[in-house]
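The structure appears below as structure tokens.
The values are calculated or read from the model by the stated rules, or taken from the named source; none is laboratory data. Model, not experiment: these values are computed from the prediction. Quick reminder, even Gly has a Cβ in these numbers, built from the backbone with ideal geometry, and neighbours come from all protein chains shown. Areas reflect the complete protein model, heavy atoms only, side chains present, ligands, DNA and RNA absent. Shrake-Rupley method; radii C 1.70, N 1.55, O 1.52, S 1.80 Å.
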Amino acid sequence: MRLALSVLLFSASMAVYADGQATFTTNNAQVPTMTFTWQDVDRGRLDAPGQPAHVLAIDGKAWGVANVAGRPVTLDLQALANMLGSNNGLANLGPDTIVPTRITALEATGRSETVAGIEGEVYRVSWEDNKGQARIDEAVLTGDPTVREMQAALIKGMARAMARDTGVSTEEGAERELERRGLAVLRFAEDYRLESIRGDRQPDEKFALPGKPLDLQRMMRGLTGG
């Protein structure tokens, strides 16, 4: 699955100054469209259409908010991952996941492409994956400030919080290279495409937890009669 690559390629070398919301599509049939909302790098929210749950990243900690018996409840994703064990799929990553260890070359093609109303440059990206295989793909990159802000919040906040709390390791070599160049991704091959983005004020209630985390161990004891 190459969704991980698309997410890991998002980066920014700047502080996040503005709230906003972005929608993107992926090649993952289970979650083909996702919406990311942020206030700053330490406060973000990830939603998938039609799903009765969303993920919050608050100050480096990942939380799930799910609808249970008609009411919203808070889930500690780290506690849930621990309960499910090392093979948990909370981060939607599996043993065949391909992630980049480093970008070996970025070659501008001289072409431009407009994605989500933003004009970017088309590059040939040469990269090496975590299995040691060399790969080449096409990407549309931009220095647009709002896209860079969104991707800083997505990577430095949401992705790292989820990786830390679910026990999924991440590679940061590709991220650092794009950070050094001040670039962000509008499209990566057919795996990721930004559909819309706007920088506007997001209300605090979007990032609120509905209450204390559900006691998962107690819940399981109740279900099993323990």
Looking at Leu209, Leu223, which one is at pLDDT below 85, surrounded by fewer than 21 Cβ atoms within 10 Å (Cβ to Cβ) and over 22 Å from Pro32 (Cα atoms)?
-> Leu223
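Per-residue answers, yes or no, for (1) open to solvent by less than 10 Å² (accessible area, probe 1.4 Å); (2) closer than 24 Å to Thr23 by Cα; (3) in contact with a helix residue (DSSP H, G or I) (Cβ under 6 Å, 6 or more places away or on another chain); (4) among the polar types (S, T, N, Q):
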residue: Ile136; (1), (2), (3), (4): no, no, no, no
residue: Asp144; (1), (2), (3), (4): no, yes, no, no
residue: Arg180; (1), (2), (3), (4): no, no, no, no
residue: Ser196; (1), (2), (3), (4): no, yes, no, yes
Counted residues, segment 115-132 - those being of a type outside the set (Asp, Glu), farther than 26 Å from Ala48 by Cβ, open to solvent by 40 Å² or more (accessible area, probe 1.4 Å) and at pLDDT 95 or above | 1
Does Arg193 meet the test of being among the charged types (D, E, K, R), within 20 Å of the chain's Cα centre (by Cα) and at pLDDT 85 or above?
-> yes
Can we say Glu107 is open to solvent by 50 Å² or more (accessible area, probe 1.4 Å), under 22 Å from Glu175 (Cβ atoms) and at pLDDT 95 or above?
-> yes
Going by the conditions given, is Thr97 hydroxyl-bearing (Ser, Thr, Tyr), at pLDDT below 95 and out of contact with any strand residue (DSSP E or B) (no Cβ under 8 Å at 6 or more places or on another chain)?
-> yes
Considering (1) touching a helix residue (DSSP H, G or I) at 6+ places or on another chain (Cβ under 9 Å); (2) at pLDDT 85 or above, say which one Pro203 fails and leave the rest.
-> (1)
